[in-house]
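> Let me begin by handing over the structure; questions about it come next.
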Amino acid sequence: QVQLVESGGGLVQPGGSLRLSCAASGSIFVIEAMGWYRQAPGKERELVATITSGTSTNYADSVKGRFTISRDNAKNTMYLQMHSLKPEDTGVYYCSAVVTTSDHSPMYNYWGQGTQVTVSS
């Protein structure tokens, strides 16, 4: 089994910054793509950013130039640095990882429990 644990969420004023972390643990053989998604109240979950094992990145248009996704493969950890935060960035941020486990079962997409980000004055 694989566990993903997000941290770093909180309350921040508009224009502020936060850094989210997602730590993966368990029977990991290799982590393929990872990503951050968010869900605002009353809305569907949406993609924020993804990063491949080769560190190619992709961002939602709404966060380009403000957010940066990165990963530390040695630590099985992914990060989301968020700057110039806006009230519309408010939501629960979820970590996702496509993992091949040590028993070489087919790759599976795991999800974390989420961390709340609130941007408000």
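The values are calculated or read from the model by the stated rules, or taken from the named source; none is laboratory data. Everything numeric in this text was worked out from a predicted model, so none of it was measured. Neighbour counts run over all protein chains shown; Cβ positions are idealised from the backbone, glycine included. Just the protein is used for accessible areas: all its heavy atoms, side chains included, with ligands, DNA and RNA removed. Shrake-Rupley method; radii C 1.70, N 1.55, O 1.52, S 1.80 Å.
> Taking the stretch 82-103 only, how many residues are farther than 14 Å from ILE31 by Cβ and either outside any loop (DSSP other than H, G, I, E, B) or of a type outside the set (S, T, N, Q) (or both)?
Number satisfying all stated conditions: 12.
> Still on this model: Do we have ARG71 as surrounded by 13 or more Cβ atoms within 10 Å (Cβ to Cβ) and closer than 28 Å to PHE29 by Cα here?
For ARG71, the condition - surrounded by 13 or more Cβ atoms within 10 Å (Cβ to Cβ) and closer than 28 Å to PHE29 by Cα - is met.
> Could you run through the stretch 1-31 and say how many residues are over 16 Å from TRP111 (Cα atoms), assigned to a strand (DSSP E or B) and over 16 Å from the mean Cα position of the chain (by Cα)?
3
> Within the stretch 54-81, can you find the residues that are hydrophobic (A, V, I, L, M, F, W, C), farther than 18 Å from GLY16 by Cβ and outside any loop (DSSP other than H, G, I, E, B)?
Residues satisfying the conditions are ILE69, ALA74, MET78.
> Output the number of residues of the stretch 33-45 satisfying the condition of being within 16 Å of GLY112 (Cβ to Cβ) and open to solvent by 30 Å² or more (accessible area, probe 1.4 Å).
Qualifying residue count for the region: 4.
> What number of residues within the stretch 69-85 satisfy the criterion of being touching a strand residue (DSSP E or B) at 6+ places or on another chain (Cβ under 6 Å) and farther than 16 Å from GLU6 by Cα?
1
> Residue check: is THR100 hydroxyl-bearing (Ser, Thr, Tyr) and either open to solvent by less than 60 Å² (accessible area, probe 1.4 Å) or in contact (Cβ under 8 Å) with a residue 24 or more places away in the chain (or both)?
Considered against the rule, which asks whether it is hydroxyl-bearing (Ser, Thr, Tyr) and either open to solvent by less than 60 Å² (accessible area, probe 1.4 Å) or in contact (Cβ under 8 Å) with a residue 24 or more places away in the chain (or both), THR100 comes out as yes.
> Here's a follow-up. Anything in the stretch 35-53 that is part of a loop (DSSP other than H, G, I, E, B) and over 14 Å from ALA97 (Cα atoms)? List them, or say none.
ALA40, PRO41, GLY42, LYS43, GLU44, ARG45
> Could you tell me which numbered condition SER84 fails, if it satisfies all but one of (1) farther than 14 Å from LEU20 by Cα; (2) surrounded by 20 or more Cβ atoms within 10 Å (Cβ to Cβ); (3) among the hydroxyl-bearing types (Ser, Thr, Tyr)?
Here SER84 meets the rest and fails (2).
> While we're here: For the stretch 14-26, does any single residue satisfy the condition of being open to solvent by 20 Å² or more (accessible area, probe 1.4 Å), in contact with a Pro (Cβ under 7 Å, 6 or more places away or on another chain) and at pLDDT 95 or above?
Looking for residues that are open to solvent by 20 Å² or more (accessible area, probe 1.4 Å), in contact with a Pro (Cβ under 7 Å, 6 or more places away or on another chain) and at pLDDT 95 or above, one finds at least one in the stretch 14-26, hence yes.
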